[in-house]
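Working notes for the structure below.
No lab work stands behind these numbers, since they all come straight from the coordinates. These numbers were taken from a predicted model, which means no experiment stands behind them. Here the Cβ is made from the backbone with ideal geometry for all residues, glycine too, and neighbour counts use every protein chain on show.
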Ligand SMILES: [Zn+2]
Ligand SMILES: [Zn+2]
């Protein structure tokens, strides 16, 4: 067992990815998994967990983000397909404290992260509510995607169904009849949820989020407040998307037979009650569940649901932009300063490339701290409107 000082040094080097990196398998040979578990962890064990995860998972070529805190673990990782079983066994055999982890695979294959980050956090999902004020382990009822689908499609009146995600996530896809609070943070959404549910302690409350962790937490809060029936989608929209994908695959390959004795939903009749895309917090920024396009380009207003960040990394605004706007504005958000910056840099790069044939190019303003953090809950339309107004007032 390493000493604490050594632990710090090695962990620091590993975190900075200073340990010689081995060549990873090709990106197509990866799959992405998410998992979480709320359980109390001794504060003193967090550094050890960080150290062991960094060394052990690095050796398995795993990349992604794992957050550990005194209240549990939350992870999104990409793992080589050939090592998935080894990865699962690693948790089962070495980490009995994480005995309730459910591995939740993404819908599409491929590598969603470049590096491995293990971070020690105060709260796994920040809602600002003190854990001592409610029972975090009084978890809501988990419905598998199939149970969720069956139950929601068989209700006779519209349910109290709450989307526990932020506005930029539910804009591009959501369940039919869902209440989608217009919020920018989870904290605001918890307040909205409490308002929506007020006085409905005896009714069924349904809730969903991307992978389930936000509902596990906010559902426990509702239950602690005396709500009798709180039901959440196990594995979140990600698991539901995979369920729909599997059902349509099964419907495509299996011929209908008469000796069906199973009680599962008839695959050929499953039509997704989630429409559009599932926003993901990795470089894909979303995966489609149905072909419905629910959003609009933030620049021209045409039908589009593809998120990207402004190419000017100093700006970094998360926005929905159609291909023609991207081309017209050099991949930026369209603000004059961003377009100028990228044009200037492209020009410089061309000149450098002329003199240095091997020059691979560089990103705009690399190393500058972005003005809009990836998830800084920015409302792109507001930012763009403000810029327009500022321009008008200057004229
Ligand atoms: Zn456009
Ligand atoms: Zn920009």
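In Å and whole numbers, how far do the C-alpha atoms of the chain stretch along each principal axis, longest first?
Computed over the chain, the largest-to-smallest principal extents equal 71, 59, 52 Å.
For the ranges 28-37, 103-112, 116-125, what's the packing order if you count other beta-carbon atoms within 10 Å of each residue, average per peptide, and put the highest first?
Working: 28-37: 21.0, 103-112: 18.9, 116-125: 16.9.
Order by mean packing, descending: 28-37, 103-112, 116-125.
Going highest first, how would you order 188-197, 158-167 by mean Cβ packing within 10 Å? Intermediate results must be reported in sequence, preceding the final value.
Working: 188-197: 17.9, 158-167: 20.8.
Ranking the peptides 188-197, 158-167 by packing returns 158-167, 188-197.
If you average 1/r across every pair of different Cα atoms in the range 126-167 and take the reciprocal, what Kirkwood value do you get, in Å?
13.4 Å
Just the projected area, averaged over all directions, of the convex hull on the alpha carbon atoms of the range 131-238: how many nm²?
6.4 nm²
Considering every Cα-Cα pair within the range 4-120, what fraction, in whole percent, is farther apart than 18 Å?
49 percent
Determine the calculated [θ] at 222 nm for the chain from helices alone, applying -39500 (n - 2.57) to every DSSP H run no shorter than 4 residues and normalising by the residue count; nearest 500 deg cm²/dmol. Could the numbers behind the result be given before it?
On the way: 11 runs with 134 residues, N = 395.
Estimated from H runs of four or more residues: -10500 deg cm²/dmol.
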